[in-house]
């Protein structure tokens, strides 16, 4: 009788383990999809410096100095391997490190704050499934006070309010999906929206392009303005671009945008890309002649 009880207990334990393993595997797969929808988190890979994937160290140029991305591999000492679920959620949605210090806004928690618990915890599961890489963080190459963590805390007090994405009941399910992906997960506004003198997003010119994108690159106008934005692009054009980096005029995207397409958006389901396109089509058109002229000059440069 006792032996039979032990056999039943062992069978139940094995079954629970198998179910748990399948659940973990499913979370990892979902988390990989979240990473790809974010653009692959390519800013955390120092491509030019030959760094390991997601191990950080990539220089991000800003008007306030150069800041370096962090190691988001599961190394326990130099990465995020010792983080709890609560640590991860707080960092991604509030811009606060496990030690209580504030992150510089080069880390786009200002967009990730809109992400759901489920997506973030799945993303964490995927990141923790990757090989840990030991790489110490690089201090900012910026003058005080911009290099001080206390200045990041003050910036958050003035310009940041954590909040989840709230669906618009007046819009379609696909529009809400596209809005969530664009504004929170893919954080498109972080590069494609102008910033004020303090480096905060100027939401009155939402998605109208930026002259000070990451790594000094121009970020085009994504609003449907007919002359300086995407007004002549069809939904098919935008979906194809996000899948291939090929523009309607036959030109190809380069730089960071090419990276985020290759590592991220090209793997995103077409229905999600169509939803993103639907969201962009709905934006108020904003004219940005200065940026358009600079972008064309950059494209024509030898």
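The values are calculated or read from the model by the stated rules, or taken from the named source; none is laboratory data. Values in this document were obtained by computation on a predicted structure and should not be read as measured data. Ideal geometry is used to build each Cβ from the backbone, glycine not excepted, and the neighbour counts take in all protein chains shown.
One line per residue, one yes/no per condition, for (1) closer than 19 Å to residue 203 by Cβ; (2) surrounded by 14 or more Cβ atoms within 10 Å (Cβ to Cβ); (3) over 22 Å from the mean Cα position of the chain (by Cα):
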{"position": "145", "(1), (2), (3)": "no, no, yes"}
{"position": "151", "(1), (2), (3)": "no, yes, yes"}
{"position": "158", "(1), (2), (3)": "yes, no, yes"}
{"position": "161", "(1), (2), (3)": "yes, no, no"}
{"position": "165", "(1), (2), (3)": "yes, yes, no"}
{"position": "169", "(1), (2), (3)": "no, no, yes"}
{"position": "174", "(1), (2), (3)": "no, yes, no"}
{"position": "179", "(1), (2), (3)": "yes, yes, no"}
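Of these, 10, 86, 26, 33, which one is surrounded by fewer than 21 Cβ atoms within 10 Å (Cβ to Cβ), in a helix (DSSP H, G or I) and modelled with pLDDT under 95?
Numbers: 86 fails: modelled with pLDDT under 95; 26 fails: modelled with pLDDT under 95; 33 fails: modelled with pLDDT under 95.
After applying the criteria, what remains is 10.
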Of all the residues that make up the range 59-78, how many are surrounded by 15 or more Cβ atoms within 10 Å (Cβ to Cβ), modelled with pLDDT of 95 or more and in a loop (DSSP other than H, G, I, E, B)?
8
Report yes if some residue within the range 202-211 is touching a strand residue (DSSP E or B) at 6+ places or on another chain (Cβ under 7 Å), farther than 20 Å from residue 39 by Cα and either in contact (Cβ under 8 Å) with a residue 12 or more places away in the chain or not assigned by TED's automatic domain parsing to the domain that holds residue 110 (or both); otherwise report no.
yes
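Tell me the residue from 100, 81 that is part of a loop (DSSP other than H, G, I, E, B), surrounded by fewer than 18 Cβ atoms within 10 Å (Cβ to Cβ) and in contact (Cβ under 8 Å) with a residue 24 or more places away in the chain, please. Outline the logic, then answer.
Working: 100 fails: in contact (Cβ under 8 Å) with a residue 24 or more places away in the chain.
Step by step, each of 100, 81 is checked, and only 81 is part of a loop (DSSP other than H, G, I, E, B), surrounded by fewer than 18 Cβ atoms within 10 Å (Cβ to Cβ) and in contact (Cβ under 8 Å) with a residue 24 or more places away in the chain.
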Which condition number does residue 182 fail, the rest of (1) at pLDDT 95 or above; (2) in contact with a strand residue (DSSP E or B) (Cβ under 9 Å, 6 or more places away or on another chain) being met?
(2)
Can you tell me how many residues in the range 239-272 are within 19 Å of the chain's Cα centre (by Cα) and within 23 Å of residue 286 (Cα to Cα)?
5
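Filter the helices (runs of 4 or more DSSP H) completely within the range 218-302 down to those with at least 3 residues that are more than 30 Å from residue 32 (Cα to Cα) and touching a residue at least 24 places away in the same chain (Cβ under 8 Å). Quick ask: steps written out before the conclusion?
Values: elements: 235-244, 255-263, 270-281, 289-300.
Qualifying helices (runs of 4 or more DSSP H): 289-300.
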Has the range 134-143 got at least one residue that is on the phi < 0 side of the Ramachandran plot and free of Cβ contacts under 8 Å to residues at least 40 places away in the same chain?
no
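Filter the range 151-176 down to the residues that are farther than 30 Å from residue 277 by Cβ and touching a residue at least 12 places away in the same chain (Cβ under 8 Å) and list them by number. Walk me through it before giving the result.
Quick first cut of the range 151-176, residues farther than 30 Å from residue 277 by Cβ only: 151-158.
If the condition is that a residue be farther than 30 Å from residue 277 by Cβ and touching a residue at least 12 places away in the same chain (Cβ under 8 Å), then 152, 153, 155, 156, 158 are the ones that fit.
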